[in-house]
Amino acid sequence: MNPPFGNRLITAVLLAAVFVGALSCGNNSTLVSITVSPSDRIVVSGSQMLFIATAKFSNGMIVSPWSVVNWSSSNTGVATIEANGVVTTVNPGMTGITATDMQHPDIFSRATLTVTNVPLVALVVTAAANPVIARGSTEQMNAEGIYADGTRNDMTSSVIWSSSNAGFASISNIQGSNGLVTAIAAGTVSITAIELLTGISAETVLIVTP
């Protein structure tokens, strides 16, 4: 059975990569680094997920997804990865997922993927410091996954975040600032995190003061 939302997410990101990967970053700009997201992940055996490479250039430009990479798995008995970043998990265990720039093989990034037979059963969303914040300030939201055996895992960078009212507070899904809320106007908003492979979600209330 295909996981909820998974195929639509993979299709949407791959279509974006066709266009974004073709961007020119200028003759005076060079590739500085690549970041793979999610950086660390625990998934159930038999599922699929998408890894994305983000490129940073010397002029400060960031391109995501960056499609001009070669993907590899250090343990194909645990998970295999296609040229478009789509991973298929095979057996429980751990593997490294690496993206290497095609033109600069010395520039690469690696993420750790853990495959388990224990399913995710719930998410918990919390504010890192305070669920009441002032207009114009920021607050980091955290998402923690709870598995059937009781183990927990930080999933802040691998869930999709949303705000019930972006006019009061917006929340980032950008790699490196995932879950960061920016308070815009006084009001009460619900902040939601959803794990796309399973459709499991959680929310919490955030209050923005004048």
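Any read-out appearing in this document is the output of simple, stated calculations on the displayed coordinates, not a laboratory observation. What you see is a predicted model; the values in this text were computed from it and never measured.
General remarks:
- Theoretical gain in end-to-end length, residue 117 to residue 84 [0.36 nm per residue, Cα-Cα removed]: 9.4 nm
- In percent, rounded to a whole number, the relative contact order of the range 56-137 is 21, using alpha-carbon pairs under 8 Å and six or more apart.
- When you restrict to C-alpha pairs under 8 Å that are six or more residues apart and normalise by the size of the chain, the relative contact order lands at 18 percent.
- Whole-Å distance, taken between Cα centres, linking the range 137-173 and the range 43-94: 21
- Here, the chain has an Rg and a Dmax of 18.1, 54 Å when only alpha carbons are counted.
- Percentage relative contact order, the range 120-209, counting C-alpha pairs under 8 Å, at least six apart: 32
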